[in-house]
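Notes to accompany the following structure.
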Amino acid sequence: MNEHDLEYYLDELPDSGGCVVVLSGGMDSTITMRLAVEKYGSDNVSAITFNYGQKQKVEIEKAISSTFCLGVKHKIIDASFLGAISQGFSANVDPNIPMPTIQDVLGDPTPPTYVPNRNMILMSIAAAYAETCGVENILCGIQSTDEYNYWDTTESWKEKMNEVFSENRKIQIKLIAPFVSLSKSEEISLLLLLDKNVDLLAKTITCYNPWDGVSCGKCPSCAERINAFMSCGIKDPIPYQINIPWEKS
């Protein structure tokens, strides 16, 4: 990543108006929000966060913290019905389903951490919010390049959502996923270009199974984040329940 790459990703965002950022409180969506602020200014960015019954509810607190830091308007939506209907199905919301490791999910087209139809539901709500905000752009942090991924985090899925949104006769909502083809390490490099540090990521959590707000270091999502920081040669600013190699150096 270099300054030219940063300009490219900023130029890829539409010039008109502001945007709504779907903000989980994790690394991907938080860096997406930071890019949006760089493009539109904090006054023209609104963030929307969902409480859908996820085990990692602490991510909502992280989202509150990062939006406050960047001066972004923030709305939290109760989508707990999604967790309620996913009991017995998803390890992400059911406390009785053990959380898998990265080794458990590799090659699985539908990992047990998958929440059924979550992204379509949440993006639809975000589109409704964008309409009320008078903006046409929704930014999200979905990726399709992780070691494991979901059917509703791909470029193809995003484009099909945009086909549906294009049916709106008045406001042409567009779902934008600036990092869909990037790795997490490339995202970190982009943040370094923006801020010269990764301090903003101290206000995030990526873990699917945190304990008392501290990342487990074992779940698939933690594994991806840890590997990304290692690839960049940088220590992650958040704590983990287990010892990570960079802490021994």
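Bear in mind that the values in this text are calculations on the coordinates, not laboratory data. Just so we're clear, the structure is a prediction, and the values are computed from it rather than from any experiment. Glycine gets a Cβ as well: all are built from the backbone with ideal geometry, and neighbour counts include every protein chain shown.
Laid out as a table, the results:
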item	result
Residues M123, M27, M230 arranged by fewest to most Cβ contacts within 10 Å	M230, M123, M27
Where only C-alpha atoms are counted, convex hull volume of the stretch 116-249 per residue in Å³	130
Computed over the stretch 111-249: relative contact order in percent, which uses C-alpha pairs under 8 Å that are six or more apart	18
Over 24 Å (Cα to Cα) - which of K75/K174; K73/K174; K55/K196; K75/K160; K73/K160 fall in this group	K55/K196; K75/K160; K73/K160
Relative contact order [Cα under 8 Å, 6+ residues apart], the chain, whole percent	22
Contact order relative to length of the stretch 181-249, as percent, for alpha carbon pairs under 8 angstrom and 6 or more apart	32
Positive-end residue, the stretch 1-95 charge dipole about Cα centroid, Cβ charges, pick of G25, Q56, N44	Q56
Sites matching GluC sites (Glu not before Pro) across the stretch 4-45 that sit in DSSP coil, with at most 11 neighbouring C-beta atoms within 10 Å	E12
Cα pair distances of the stretch 82-138 binned at 5 Å [whole percent]	4, 18, 20, 16, 14, 11, 10, 6, 1
Antiparallel DSSP beta bridges within the stretch 3-248, percent to nearest 5	5
Average projection area in nm² (convex hull over Cα atoms of the stretch 1-55, one quarter of hull surface)	4.5
Sites excluded, trypsin sites (Lys or Arg not before Pro) in DSSP loops with at most 12 other C-beta within 10 Å, longest stretch of the chain	1-168
Cα-derived Rg to Rh of the stretch 3-248, Kirkwood definition	0.94
Computed helical MRE - 222 nm, the chain, DSSP H runs ≥ 4 contributing -39500 (n - 2.57), nearest 500	-12000 deg cm²/dmol
